[in-house]
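Report on the following structure.
The values are calculated or read from the model by the stated rules, or taken from the named source; none is laboratory data. Since the model is a prediction, treat every value here as computed from it, not as a measurement. Methodologically, a virtual Cβ is constructed for each residue, glycine included, from the backbone with ideal geometry; neighbour enumeration extends over all protein chains shown. With ligands, DNA and RNA removed, areas are computed over all heavy atoms of the protein, side chains included. Shrake-Rupley method; radii C 1.70, N 1.55, O 1.52, S 1.80 Å.
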Amino acid sequence: MGFWRRLLIFGWVSLRGGGGAGVPRGGSRVLVCRRQLSGADNETLKQRRMQIMSRGLPKQKPIEGVKQVIVVASGKGGVGKSTTAVNLALALAANDSSKAVGLLDVDVYGPSIPKMMNLKGSPELSQSNLMRPLLNYGIACMSMGFLVEETAPVVWRGLMVMSAIEKLLRQVDWGQLNYLVVDMPPGTGDVQLSVTQNIPISGAVIVSTPQDIALMDARKGAEMFRKVHVPILGLVQNMSVFQCPKCKHRTHIFGADGARRLARTLDLDVLGDIPLHLNIRETSDTGQPIVFSQPESDEAKAYLRIAAEVVKRLPPPLE
């Protein structure tokens, strides 16, 4: 066992131990050291610990041909993350027709992009043996749903999932893209860490409903991106209000302005509100996303405004 590994496993535990209790290793010098560490020494030790823990992590490498990567994430499933990712990609292209946009679905266990984008079939291979994305509505799309049967469950352990993510990130011929929107799975686990550690990400969009339970997990998602140094572009408050199509009465089914309160707590911006509307659900289920099929609707315009806010907050693209 090497010196640094011993320090990490044993020495750091002793240094973090409380107030001199316990039996010191190798005499009393370890415990005395904790009390006598200056601020500068503490910072140096912290930096060394971070260097040790970062060993073996993959180095971030840009996706060839992609200028900016935008991840759409949520702490909890069922809050409309995939619907937001699809319509955000379409809205980015609609706001500026000169920009090429791609959509990557890394939700291995529950891919939604094929159905929402009305795409079926297997990707063709390029001469470089890379998968070519499937194209619809002007958006280049790649998903695990193109590689397995629609009704077949993906029953994989973690290592197989990580291998699949690596292939989706590195073995796709995207051509030249201005924006690649990545639909992340819910949660803060292996897939999220693998994506953030492998590729440089321009920014993250957090999707949540105003409900307290969803906001608890949305906060965890935001904190995760901060820990891995991914800029958070803002929050999208989905299903913000329901308006009765007959009497036009507005009801806040999941609560009012919960995402706005969370944004203030985290010192983030709210990029926009998306209502709970039948048209959004129906167009998603039929593979005709609302930004494409009903571009003049109020719901589509809400996505277009969110896309404009996202672009405002993006850092300069990779050259």
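Is region 234-319 best put as rounded, prolate or oblate by its Cα gyration tensor, with a ≥ b ≥ c the root eigenvalues, rounded for a/c under 1.5, and otherwise prolate when a/b is larger than b/c, oblate when not?
On the way: a/c = 2.69, a/b = 1.24, b/c = 2.17.
Judged from the Cα gyration tensor, region 234-319 comes out oblate (a/c at least 1.5, b/c at or above a/b).
Starting from the amide H of N238, placed 1.01 Å from N in the peptide plane, find each other amide H under 5 Å away whose residue is 5 or more places distant or on another chain.
Placed amide hydrogens put S208, T209, I274 under 5 Å from N238.
Name the shape class, rounded, prolate or oblate, that the alpha-carbon gyration tensor gives for region 69-212, where a ≥ b ≥ c are the square roots of its eigenvalues, rounded holds for a/c under 1.5, and otherwise prolate holds if a/b is larger than b/c and oblate otherwise.
Because its axes are fairly even, with a/c under 1.5, region 69-212 counts as rounded.
Show the residues, 5+ positions off or on another chain, whose built amide H is closer than 5 Å to the amide H of V182.
Amide H neighbours of V182, under 5 Å, 5+ apart: I70, V71, V72, L104.
Short version: ³J(HN,Hα) in whole Hz for each residue of region 82-90, in order, from phi by Karplus 6.51 cos²θ - 1.76 cosθ + 1.60 (θ = phi - 60°), x for Gly and Pro, what are they?
Ordered by residue, 3J(HN,Hα) equals 5, 4, 5, 4, 4, 6, 5, 4, 5 Hz.
Can you give me the distance in nm between label points at R226 and C247, each placed 7 Å from the Cα along the Cα-to-Cβ direction?
4.2 nm
Over region 66-313, what is the relative contact order in whole percent, taking alpha-carbon pairs under 8 Å and six or more residues apart?
Details: 512 pairs, mean separation 65.4, N = 248.
In percent, rounded to a whole number, it is 26.
Around I199, which amide H atoms from residues at least 5 apart in sequence, or from another chain, sit under 5 Å from its own amide H, with H modelled in the peptide plane?
K61
Loop-only trypsin sites (Lys or Arg not before Pro) in region 119-175, please: DSSP not H, G, I, E or B, and at most 14 other Cβ atoms within 10 Å. Working shown, then result.
Working: sites: K120, R157, K167, R170; in loops: K120, R157.
Sparse-neighbourhood loop trypsin sites (Lys or Arg not before Pro): K120, R157.
Once you've got the Cα coordinates, tell me which of K227/K301; K99/K312; K115/K246; K67/K167 are over 24 Å apart. Walk me through the numbers on the way to the answer.
Values: K227/K301 33 Å; K99/K312 15 Å; K115/K246 30 Å; K67/K167 19 Å.
Over 24 Å apart, Cα to Cα: K227/K301; K115/K246.
Using the C-alpha gyration tensor of region 66-313, what are the square roots of 5 times its eigenvalues, in whole angstrom, with the largest one first?
One finds semi-axes of 27, 21, 17 Å for region 66-313.
Please list D298, D105 in order of solvent-accessible area, largest first, computed with a 1.4 Å probe with all protein chains present. Numbers along the way, then the final one.
Numbers: D298 115, D105 0 Å².
The most accessible residue leads, giving D298, D105.
Rounded, prolate or oblate: which fits region 54-107 when a ≥ b ≥ c are the square roots of the eigenvalues of the alpha-carbon gyration tensor, with rounded for a/c under 1.5 and prolate only if a/b beats b/c? Before the final figure, lay out the partial values.
Values: a/c = 3.36, a/b = 1.22, b/c = 2.75.
Oblate.
From the backbone phi of region 121-131, what are the Karplus-calculated ³J(HN,Hα) couplings (6.51 cos²θ - 1.76 cosθ + 1.60, θ = phi - 60°) in whole Hz, Gly and Pro given as x?
x, 9, x, 7, 9, 7, 5, 8, 6, 9, 6
What accessible surface, in Å², does a 1.4 Å probe find on T265, ignoring ligands, DNA and RNA and rounding to the nearest 10?
We get 90 Å² for T265.
Per residue of region 221-236, in order, report the coupling 6.51 cos²θ - 1.76 cosθ + 1.60 (Karplus, θ = phi - 60°) as ³J(HN,Hα) in whole Hz, putting x for Gly and Pro.
Values, residue by residue: x, 5, 5, 4, 5, 5, 5, 9, 6, 9, x, 9, 6, x, 10, 10 Hz.
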